[in-house]
Amino acid sequence: MATATEADFRTRLQDWLPKLVLSPSLAAILVFVYGFIAYSIYLSFTDSKMMPSTDWVGWENYGTLWGLSHWHTALVNLAIFASLYIVACTVIGLVLAIFLDQKIRGEGMLRPIYLYPMALSFIVTGTAWKWFLDPGIGLEHTMHLWGWESFSFGWIKDRDMAIYTVVIAAVWQTSGFVMAMFLAGLRGIDNEILKAAQIDGASNWNLYRRIVIPLLRPAFLSAFVILSHLAIKSYDLVIALTGGGPGRATELPATFMYSYTFTRNQMGVGAASAVIMLMTIAAIMVPYLYAELKERER
Amino acid sequence: MRKMKTLTAAAALASVGGWAAAQEGGSGVEVLHWWTSGGEAAALNVLKEDLSGQSIGWNDMPVAGGGGEAAMTALRARVTAGNPPTAVQMLGFDIQDWAAEGALGNLNEVAAAEGWDAVVPAALQQFSKYEGNWIAAPVNVHSTNWVWANKAVLDELGIAQPTTWDELVAAMEAVEAAGKVALAHGGQAWQDATIFDGVVLSTGGPEFYKAAFIDLDPEALGSETMVQAFDRMSQLREFVDDNFSGRDWNLASAMVANGEAAFQIMGDWAKGEFKNAGLTPGEDILCFRMPGTEGAVTFNSDQFAMFNVTDETAVTNQAAMASAIMSPEFQVAFNTVKGSVPARTDVADTEFDACGKQGMADLAAAAEAGTLMGSMAHGHANRAAVKNAIYDVVTAHFNGEYDSQTAAEELVNAVEAAM
Amino acid sequence: MSTISQEAVVVRPAAPVPSQDTAVRTSRVARTFIYLVLLLFALFYLLPFAIMVINSVKPLSEITGGNMLALPQDWTIAPWLSAWSTAQIGVEPTGLRPYFLNSILMVVPAVAISTILGALNGYVLTKWRFRGDTILFGLMLFACFIPFQIVLIPMARMLGLMGLAGSTPGLILVHVVYGLGFTTLYFRNYYAAFPTELVRAAMMDGAGFFRIFWRIMLPVSGPIAVVSVIWQFTNIWNDFLFGASFADLDSMPMTVGLNNLVNSSTGVKEYNVHFAGAILAALPTLLVYIVAGRYFVRGLMAGSVKG
């Protein structure tokens, strides 16, 4: 046995090991994500109806798609929903995490309370929310019973406001998880840094603004990715809460895609809408990711 | 490299074969369905027991949701994976679409032996047969042009059962004046469309209904009669309460059962909710055809489509299952629970309640007169794409986005775009 | 926890409370405000749950009678018993019970595998950097956004070819693949803040790839592992689309059972049983939150940095 070659082999193995460890994940993602995306792009140019077909129809599906008024509704709704939802969840999540990090008594109790909405399947929680928001049964009705006759809260029945009730329910469901993400980040910050800053006489406000929040930057990236992903995929929520109604007023791209692909048997149009969604996501995410990742490369 | 490919392919083949064997090899039938609520599933259990009496096993594969939408999605995944169930609950045009894919088996032998052609109404056969071959066994016939009314409420207000559209409107006005909800309704696209079925049939008659929804004649779709039908929808819109939007149909039925509301326009499955509330259909709860639609029936029918199987025993099992479904005993046992009526017209009605008896008589008469027509709202008048396109317009109009004139115009456009 | 922070507080004798969580100190007024906000949010989060619990112990007639928000007049636990063991899910009145095990058998391996792979990926991407690693990470991140409806048909085909259709291993594979992007994201972003010098020092000492991971990275990964496990556990446990499409009767997960219980279209709806079922179905996830939540403790990091 030549020990030299063995050692040599070892170092070379050490060189290769990281890439080797990464490769199964990468291979799976290439096939099951990018392969399937390519397949969808292909489908969007075929006349697929109930099952995939191979008959090429060019841009026809895209033409149909943009001619549909509720596709436009879905896009507008997504813009409203996603921006409000992401901002609200991030702010609430961050505030709760910072507050919870102040050696709070009963933290062990509060944490699961904040988190539990994620655990419940929205198929059923949607019903509870629907009742709560329903003016005839829920909050408004109860307030009237308590003597506050002028109280009115009928957003869920209002075509222009219904989308905001979806935001409320969505924030309820995930802001606790965002809190957990920020909490993990906060708990990862070295206390020594904070102490040093405090000795220098920094106020709490400045401490968080100048030191802690910048340190949480990676957590913000995670939160943004998770929230935008959830916003784009919000499906159960809408189905359970409003069923896309009143009328089609709360249709979102996810409900649109599902309905065209599987309910309406217009798979080609469904695929086209998925491709448009992916391109939109790419247009927003790629520059952001590029800037974010480039930044930290330095 | 090549060797590896061959290996994987072989392994894949072997495993596909493995299933095929497990699936078709005499073990029984695998049934995909969405009848999961208490009464429905119990009714289906009758079929299961029947088959187990013939030592045919039952692999249950229930996937509920969206009136069968979730099950149809699951079915697509199963077929794509090369692992289709033996029998699948299906509605209307889905059966024809799957037949067109070449995925369905053939039941001609058992159909001929039992004389299905003679007892199943022709309007149903349109869905159970493809290119002249039996591909599915119909379980039930639901009809959608029903009005349900709380008798106590009507009596209290001195309202007689309405027989014309104007009487219906007058009755609703009287209810509203008495401070109750006239029409219990849930604002969901399919519920709006269910009402629309009855309204169009009532406004234009069977010929018009057929021209508009089954033949998709643009002239009928954009006609004055259609505008009038939309006007009647607006009329009905005035009679629903403020909180109708998004309500489950079950809760709308509960409103009628409680006496909070007087009428509900809904398919005959609503009967289950009324019975559950301890009310007797025909006595406490009146059932009558949407005024102006007497003599005609808009239906939807659940059927079990049989998928292609090659194995000998599996074919026998399928035939046995189809035969069991079509047996008068099962048709009675199932439909008394489900609220629907049997899919064959030669079954005695003794076991059924008053509404069921009327439903059976109506069905037979309509089948005879050629006025038994597929329900647009429930996918038996046209394919899914068209159905949903009509939904879009109807629900938009009902929620005040279009006036009646525009709605009729949009209807023509939407149907054309979806065809 | 750590004694370090206690020593640190002594610097300013005005603040008497020794810090366990953070070194930041707050005034009494501020603390009252903080507690108030935290409690208000707790109320907001609990409200829908209260509606569910209240309605799950009511007879159905009270609910359809219109009293959705009122306390029950007759208390009953029948809906809970029904949801657990006698409600009709398919042709057999089995309740949700048999689906529990299926879900556990699927969720536990799927969560474990995806979290471990995520941790390893994050470790490689931050501490063993190589040319193009950022692009690879970007690719994995973007994968999070794939809409599941376009995945369904080709995935069914792949599972069919691999012989995994209609089986628990097939479901595990699907969930691991579509969870990888997230777990990698969590660990990578968490490890990014971890001082690379420690890893370098360990390398100098001759520690190998796995030894460093095991000895240095894993011990500080508590909080982020909690996040990753919570995320994966919740998503996989609550997934309906894949479960309904890729499972057989023997592998059908909980959500498909719950959905069957709840989502009948033309059948009678027993809302009280539905709510009981939904809470039952969420219990394992809740348990994970409570148990895993303990590992949110601080000091792991500080301890390690101090050596």
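The values are calculated or read from the model by the stated rules, or taken from the named source; none is laboratory data. From a predicted model like this one, the values you see are computed outputs, not experimental measurements. Note: ideal-geometry Cβ built from the backbone for every residue, glycine included; neighbour counts use all protein chains shown.
Of note:
- Of the listed requirements (1) more than 14 Å from chain A (Cβ to nearest Cβ); (2) of a type in the set (Asp, Glu); (3) in contact with a helix residue (DSSP H, G or I) (Cβ under 6 Å, 6 or more places away or on another chain), residue B:329 misses just one: (3).
- Annotation: of all residues in segment B:68-98 being among the small types (Gly, Ala, Ser) and away from every other protein chain (no Cβ under 11 Å), the one that is surrounded by the fewest Cβ atoms within 10 Å (Cβ to Cβ) is B:92.
- Residue count for segment B:332-370, restricted to those that are assigned to a loop (DSSP other than H, G, I, E, B) and buried (at least 22 other Cβ atoms within 10 Å of the Cβ): 3.
- Residues that are at the interface with another protein chain (Cβ under 9 Å from one of its Cβ atoms) and not in a loop (DSSP other than H, G, I, E, B) were ranked within segment B:25-42; the one that is surrounded by the most Cβ atoms within 10 Å (Cβ to Cβ) is B:40.
- Within segment A:196-220, the set of residues being in contact (Cβ under 8 Å) with a residue 40 or more places away in the chain and among the aromatic types (Phe, Trp, Tyr) comprises A:208, A:220.
- Of all residues in segment B:143-165, those that are more than 30 Å from residue B:343 (Cβ to Cβ) have Cβ atoms under 9 Å from Cβ atoms of residues that are among the β-branched types (Val, Ile, Thr) and assigned to a loop (DSSP other than H, G, I, E, B), 6 or more apart or on another chain, in B:153/B:159.
- Residue within segment A:248-259 that is part of a helix (DSSP H, G or I) and more than 9 Å from every other protein chain (Cβ to nearest Cβ) present: yes
- Once segment C:202-230 is narrowed to residues that are in a loop (DSSP other than H, G, I, E, B) and free of Cβ contacts under 8 Å to residues at least 24 places away in the same chain, the residue that is nearest to the other protein chains (Cβ to nearest Cβ) is C:208.
- Check on residue C:64, within 30 Å of residue A:92 (Cα to Cα), among the polar types (S, T, N, Q) and within 14 Å of chain A (Cβ to nearest Cβ): no
- Helices (runs of 4 or more DSSP H) lying entirely in segment B:205-294 (those with 2 or more residues that are among the β-branched types (Val, Ile, Thr)): B:224-237
- Matching residues in segment C:52-105 - criterion: being part of a helix (DSSP H, G or I), surrounded by fewer than 18 Cβ atoms within 10 Å (Cβ to Cβ) and of a type in the set (Val, Ile, Thr): C:53, C:86, C:104
- Subset tally (residues that are in contact (Cβ under 8 Å) with a residue 24 or more places away in the chain, more than 9 Å from chain C (Cβ to nearest Cβ) and either over 24 Å from residue B:193 (Cβ atoms) or surrounded by 24 or more Cβ atoms within 10 Å (Cβ to Cβ) (or both)) for segment A:221-244: 10
Matching residues to (1) more than 28 Å from residue B:101 (Cβ to Cβ); (2) more than 18 Å from the chain's Cα centre (by Cα); (3) assigned by TED's automatic domain parsing to the domain that holds residue B:43:
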| residue | (1), (2), (3) |
| --- | --- |
| B:304 | no, no, yes |
| B:311 | no, yes, yes |
| B:315 | no, yes, yes |
| B:348 | yes, yes, yes |
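- Filter result for residue C:266 (at pLDDT below 70, surrounded by 18 or more Cβ atoms within 10 Å (Cβ to Cβ) and of a type in the set (S, T, N, Q)): yes
- Qualifying residue in segment A:96-108 (condition: at pLDDT 90 or above, under 19 Å from residue A:167 (Cα atoms) and under 27 Å from the mean Cα position of the chain (by Cα)): yes
- Flag if residue B:215 is without any contact (Cβ under 8 Å) to a residue 12 or more places away in the chain and either closer than 20 Å to residue B:144 by Cβ or outside the structural domain of residue B:398 (by TED's automatic domain parsing) (or both): yes
- Verdict on residue B:293 being of a type in the set (Val, Ile, Thr) and free of Cβ contacts under 8 Å to residues at least 12 places away in the same chain: no
Let's see how each residue does on (1) buried (at least 18 other Cβ atoms within 10 Å of the Cβ); (2) charged (D, E, K, R):
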position: B:129; (1), (2): yes, yes
position: B:142; (1), (2): yes, no
position: B:147; (1), (2): yes, no
position: B:156; (1), (2): no, yes
position: B:172; (1), (2): yes, no
position: B:196; (1), (2): yes, no
position: B:208; (1), (2): yes, no
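- Condition met for residue B:245 (within 26 Å of residue B:173 (Cα to Cα) and modelled with pLDDT of 90 or more): no
- Residue within segment A:97-112 that is free of Cβ contacts under 8 Å to residues at least 60 places away in the same chain and β-branched (Val, Ile, Thr) present: yes
- The residues of segment B:369-409 that are of a type in the set (D, E, K, R) and within 9 Å of another protein chain (Cβ to nearest Cβ), listed by number, are B:383, B:387, B:392, B:401.
- Candidate set: segment A:48-98, residues that are among the small types (Gly, Ala, Ser) and more than 30 Å from residue A:185 (Cβ to Cβ); chosen: the one nearest to the other protein chains (Cβ to nearest Cβ): A:67
- Conditions (1) buried (at least 24 other Cβ atoms within 10 Å of the Cβ); (2) closer than 16 Å to residue A:240 by Cα: number failed by residue A:188: (2)
- Of the residues C:119, C:112, the single one that is closer than 20 Å to residue C:285 by Cβ and more than 7 Å from every other protein chain (Cβ to nearest Cβ) is C:112.
- Among the residues of segment A:77-94, those that are under 24 Å from residue A:248 (Cβ atoms) and in contact with a helix residue (DSSP H, G or I) (Cβ under 9 Å, 6 or more places away or on another chain) comprise A:77, A:78, A:80, A:81, A:82, A:83, A:84, A:85, A:86.
- Considering segment B:77-177, the qualifying helices (runs of 4 or more DSSP H), each wholly inside and each with 2 or more residues that are outside the structural domain of residue B:384 (by TED's automatic domain parsing) and within 26 Å of residue B:60 (Cα to Cα), run over B:92-100, B:108-114, B:122-128.
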